[in-house]
Each structure stands twice: as C-alpha cells, then as structure tokens.
Amino acid sequence: MNTDNVERYLNSFGKQVVNRAKGNLQKAKGGGTALEGTIRFEVVQTGTLSAPEFTVQFYMSAYGKYIDKGVSGTKVKQKYKDYLGKVIASPYKYTTKQPPPDILAKWIKKKGLKGRDEKTGRFISHKSLAFIIGRKIKRDGIKSLAFFQKPLGLGMKQYSAGLAEALAKDIIDNLTPTN
C-alpha cells in the first residue's frame, strides 16, 4: 500500500513540533543549549505492507523531561500544562538529594556569577555559591518550561484534521480500477 501522503504529513507534524520546541527553549534559556541539539523526531512505520501503522517518536536528552515538566522541591510543588492544556503536578521531585555542587559550580563559572558573604561582603567560592543555589533548588524545585508540551498540543490541534485528508489521498491513490 502506498502511504506517501500520510508519511509526508507526519514528517511535517514532527518537524513543526521539534522546531517550535527548540524555539521555546531558545526563548526561555537564551539559545545554544546542549538540550536544544538533542531534540529530534522519527516517523516509524510498523504493521504489515497491506495495513501499515505509523508512530511519530520524539527524542531528547534525559534531563529534557525535567525541564519540560518541572521538578517539585521539598517545600514547593511544581505543576506544568500538558499537551492537552491540563494543569498537572510534576511527576518529579527532590527528596533527600540536591543538585550536585560540581555541576552548578561549572554553570556559575560559565555565567560569571559572583557570590558575596552576607556579613563581610567578601566574595565566596564558586563551590560555596553552588551549594547555596543547590539548597534553594532542592527546596523550591525547578519551574516547568513546558517547551515541548505546548508545541505538541498545538501541533496535534493543527494537524489532526489534515491527517484524515492525507489518509484519504493515500486510499484514493491505492484504488485500482477493475475491468
């Protein structure tokens, strides 16, 4: 069975969702993040030749789901809007551990941030500042960016009607006249 129209349509859907997700991430994080480079999609065909089935699979770095859906802290519960527009509590939360100070210290150094001691006003080390920031993240969590959920919902709304048209074209293209 020829399924070119449906496959082309699903590729267009996947491309739009990925481009919008990357755009949302650029707006929120200033662009050029490592996560941005890992977002991609693939249209996978399963089933049989006479009855093909398609799935659009999206991929990104593992920590993308935490940025997309947020992470609850020990004191503040984070929520996110899913692709259907429903507000849902984040499935992720900090319990006993906080973000590793080594990773935060690298980020602090890269951003050129400087912390000061409250009493004397002297600069504190990157590691000390990283510990303080990590403690706050553990307490308050990470707010959801919904950088992927929003474009997925928007894409599903925009592309659902057209999918039926693409399927109808493929069916018509596969009809064979009888004598």
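Summary table
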read-out	value
Some residue of region 92-109 being β-branched (Val, Ile, Thr) and surrounded by 12 or more Cβ atoms within 10 Å (Cβ to Cβ)	yes
Elements of type strands (runs of 3 or more DSSP E) in region 1-87, at least 2 residues being among the basic types (Lys, Arg)	79-81
Scope region 22-38; condition crowded, with 18+ Cβ neighbours inside 10 Å and more than 11 Å from ILE67 (Cβ to Cβ); matching residues	LYS22
Answer from GLY85, GLY121, GLY134 - the residue that is of a type outside the set (A, V, I, L, M), surrounded by fewer than 16 Cβ atoms within 10 Å (Cβ to Cβ), closer than 29 Å to ASN24 by Cβ and not assigned by TED's automatic domain parsing to the domain that holds TYR59	GLY85
Failed item, numbered, when ASP170 is tested on (1) modelled with pLDDT of 85 or more; (2) touching a Ser or Thr at 6+ places or on another chain (Cβ under 8 Å); (3) surrounded by 14 or more Cβ atoms within 10 Å (Cβ to Cβ)	(1)
Test: LYS75 is over 23 Å from the mean Cα position of the chain (by Cα), exposed (fewer than 14 other Cβ atoms within 10 Å of the Cβ) and modelled with pLDDT of 90 or more	yes
Pairs, first closer than 16 Å to SER12 by Cα in region 143-159, second among the β-branched types (Val, Ile, Thr), C-beta under 6 Å, six or more apart	PRO151/VAL17; LEU152/VAL17; GLY155/VAL17
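The values are calculated or read from the model by the stated rules, or taken from the named source; none is laboratory data. Only a predicted model underlies this, so the values are computations on that prediction, with no experimental measurement involved. We place every Cβ from the backbone using ideal geometry, glycine too, and count neighbours over all the protein chains shown.
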